[in-house]
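Notes follow the structure.
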Amino acid sequence: MSTASLSTEQAPPISVPLRFFAVAPLFLILAALTGLMSDRLADAHTPALLAATHCITLGFIGMIMFGAMQQILPVVIGSPMPSSRLVAWSSLLPLIFGTLTLSGGFLLSNADLLHLASILLGLAFLIFIVASLVSLARAAARNATATAILLSVLALTAAVTLGIVLAQGYAGGWQLDYPKLAAAHISLALGGWVMLLIVGVSYQVVPMFQLTPSYPEWLSAGLAPALFAALLLNLASSYFDVLPLGFFAEGLFWLCAVCFALVTLKLQFQRRRRVTDATLNFFRLGMISLLCAASCAATALLAPAHEYFRQLSIVIFILGFALSVIHGMLYKIIPFLVWFHLFRGGVKKGVPNMKEVIPEPWMWRHLWLHIVTLLAAMLAFFWDAAAWLLILGLSLQGVLLSFAILTGIQVYRRTRQRLEKV
Amino acid sequence: MSELDARGLPPPEPFEKIMHALSSLPPDAALRVLIHREPYPLYAELQGMGYAWQTSALPDGHFAILIERAK
């Protein structure tokens, strides 16, 4: 195979991903403040906790993934999103205001806010999904990463549709089977969009940044389709009320997740450079959390009376798996972006190396804070006082991450000004 | 023809080494780069700097990129 030419501009301007990354940590602080309004953290269905959860999933995870996809698609599949600046602004603003109105709508039980949130979030995701599909359709690479990202975008489309139906249903007082729809919404959003995206990106990012061997062929070829099939089977079992099928589908999903976590940990153990940094440990924590989430889900599956294990599994999946991996990736991607955009166009003197962009001790502090926050979140199910530690931990993480990202932006601006003067 | 082995290096070392090698490459010479993954962001840079390139996938999963001045 040979490639002689590609599109003229592969990487989007640095401002595109960074504006998403700069906004996202504020939603961690907002989630913590919203959580303050909840009486008990063990019940995820209170309005305040629904609001806090969506601040994390939409405002933080969604926001980071919107920005990261703009940057990652050209690097891993050789195809940027079309009109990157336009897509960035037209998805960023509705995502910010959509998340704020949705959280406000939950908190105040306000139908108008929920209607408005549905429109804004529908718009943000529509733009993002269409731009992602265009990028995937134009991709030079047809590999396991492209397949996993495509499946994650399809799962996201279904999750958003169900989310809009649920929000409109709450607002309009529609007669719907809310528990069933909410379960499908959560399964597609977390098990589909978040899981499949992390899987697909890991195939590239783990060997590239952590210098591990590549993922084995049997895993990279089969994992994403198997996870997606498990999600579809789960939906079918829920729709047709076939319990054994649901049991099988959930079991298959978590078996795939466990395989992914174990193989990733094994690859990290085999890495060529034995240097340990905070980002590697964030990733390890993510994989260990995924194993814990799977254990909790298996317990809930085998002992349905202990419903809190299912909620615990979701909490560990979001805070332990998704957030850890995201933090780990951010602390690699931001220094890389700053370096790349300063260095590109030829060799220049005075460009800081990647380790000089965000101070490593800050990353380690964030890692320890994140571990304490995660433990507090798990304890909060059994001990109400731990909720305060969780709220404090989340807010401090938001502050720390904001500081780190703004430091990266400042290093970029200052170096750029200096290089322009030279 | 100069050759650069960038296999197994962490980002951004392959990109950095390729740029350094190109900065000292005579105008009519070619640079052959061996690398462990296809470096899509590099192509846009090469195009912007007036280079042409030819990428070949090797049987071991690595890539060989032949870079020379665009004619």
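The values are calculated or read from the model by the stated rules, or taken from the named source; none is laboratory data. Model, not experiment: these values are computed from the prediction. Neighbour counts are summed over all protein chains in view; Cβ atoms, including those assigned to glycine, are modelled from backbone coordinates with ideal geometry. All accessible areas refer to the heavy atoms of the entire protein, side chains included, with ligands and DNA or RNA removed. Shrake-Rupley method; radii C 1.70, N 1.55, O 1.52, S 1.80 Å.
Things to note:
- Of the residues making up the range B:42-71, just one is over 9 Å from the mean Cα position of the chain (by Cα), over 14 Å from B:ALA21 (Cβ atoms) and aromatic (Phe, Trp, Tyr), namely B:PHE63.
- Residue list for the range B:1-40, filter: in a helix (DSSP H, G or I) and either modelled with pLDDT of 85 or more or surrounded by fewer than 18 Cβ atoms within 10 Å (Cβ to Cβ) (or both): B:GLU13, B:PRO14, B:PHE15, B:GLU16, B:LYS17, B:ILE18, B:MET19, B:HIS20, B:ALA21, B:LEU22, B:SER23
- Here A:MET81 qualifies as within 30 Å of A:TRP339 (Cα to Cα), outside any helix (DSSP H, G or I) and open to solvent by less than 20 Å² (accessible area, probe 1.4 Å).
- A:MET208 being at pLDDT below 95, part of a helix (DSSP H, G or I), among the hydrophobic types (A, V, I, L, M, F, W, C) and at negative phi: yes
- 1 or more residues more than 26 Å from A:GLN70 (Cα to Cα): qualifying helices (runs of 4 or more DSSP H) within the range A:268-382: A:278-302, A:308-315, A:360-379
- So A:LEU58, is it under 21 Å from A:ALA137 (Cβ atoms) and either part of a helix (DSSP H, G or I) or within 14 Å of chain B (Cβ to nearest Cβ) (or both): no
- A:LEU28 being away from every other protein chain (no Cβ under 14 Å), out of contact with any His (no Cβ under 8 Å at 6 or more places or on another chain), modelled with pLDDT of 95 or more and assigned to a helix (DSSP H, G or I): yes
- Every pair of residues 6+ apart whose Cβ atoms lie under 8 Å, when the first sits in the range B:45-65 and is more than 7 Å from chain A (Cβ to nearest Cβ) and part of a strand (DSSP E or B) while the second is hydroxyl-bearing (Ser, Thr, Tyr) and surrounded by fewer than 17 Cβ atoms within 10 Å (Cβ to Cβ): B:PHE63/B:SER56; B:ALA64/B:SER56; B:ILE65/B:SER56
- Subset tally (residues that are more than 23 Å from A:ILE316 (Cα to Cα), out of contact with any Gly (no Cβ under 9 Å at 6 or more places or on another chain) and either part of a loop (DSSP other than H, G, I, E, B) or not polar (S, T, N, Q) (or both)) for the range A:163-191: 7
- Note on the range A:215-231: among residues that are surrounded by fewer than 18 Cβ atoms within 10 Å (Cβ to Cβ) and in contact (Cβ under 8 Å) with a residue 12 or more places away in the chain, the one that is nearest to the other protein chains (Cβ to nearest Cβ) is A:PRO216.
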